[in-house]
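One structure is given here, and the rest of the page talks about it.
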């Protein structure tokens, strides 16, 4: 139980992309990093209703902002778990049936005040893919965040 008590004090969990069938680019809700050192995004990706391929794929990415208005791709160096994609900050590149219906995650540890996940779809996603994303903000050294 001590772990759960410390977890409650040092983390904040929020849903940033409501579970839904995604057929178009989707920006997740931003999270405020004030008082936190890093943010882990956990994406639950279901089975795609479309045949994913080279020209029909999904990328999950992290964007950052200092003003919660203008967002840019997070640098790969600030995203633990990044993969090669079309943009920096990519943590999943899903272009085949054996890559959907799974969980993807990454941890942002950059210096921007706000951060959000982004779902980019390329090609015509007629049936879509179910995706939901949560954010887990972590405080410094397991302590309660200063707000």
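The values are calculated or read from the model by the stated rules, or taken from the named source; none is laboratory data. What you are looking at is a predicted structure, and each value in this text was computed from that prediction instead of being measured. Cβ sites come from the backbone with ideal geometry, for glycine too, and all protein chains shown count toward neighbours.
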(request) Report the residue count in region 23-63 for those that are more than 26 Å from residue 109 (Cα to Cα) and part of a loop (DSSP other than H, G, I, E, B). (result) 11
(request) Show the residue pairs that are 6+ apart or on different chains and have beta-carbon atoms under 9 Å apart, the first residue being within region 102-113 and closer than 14 Å to residue 44 by Cβ, the second being loosely packed, with under 14 Cβ neighbours inside 10 Å. (result) none
(message) Can you tell me how many residues within region 90-101 are without any contact (Cβ under 8 Å) to a residue 24 or more places away in the chain and crowded, with 16+ Cβ neighbours inside 10 Å?
(response) 0
(request) Kindly indicate whether residue 60 is over 18 Å from residue 29 (Cβ atoms) and buried (at least 18 other Cβ atoms within 10 Å of the Cβ). (result) no
(request) Might you let me know whether region 71-88 holds any residue that is in a loop (DSSP other than H, G, I, E, B), at pLDDT below 95, under 17 Å from residue 112 (Cβ atoms) and touching a strand residue (DSSP E or B) at 6+ places or on another chain (Cβ under 9 Å)? (result) yes
(message) Can you pull out every residue in region 89-99 that is outside any strand (DSSP E or B) and in contact with a helix residue (DSSP H, G or I) (Cβ under 9 Å, 6 or more places away or on another chain)?
(response) 89
(message) So, residue 104, is that one under 16 Å from residue 136 (Cα atoms), touching a strand residue (DSSP E or B) at 6+ places or on another chain (Cβ under 9 Å), modelled with pLDDT under 95 and crowded, with 16+ Cβ neighbours inside 10 Å or not?
(response) no
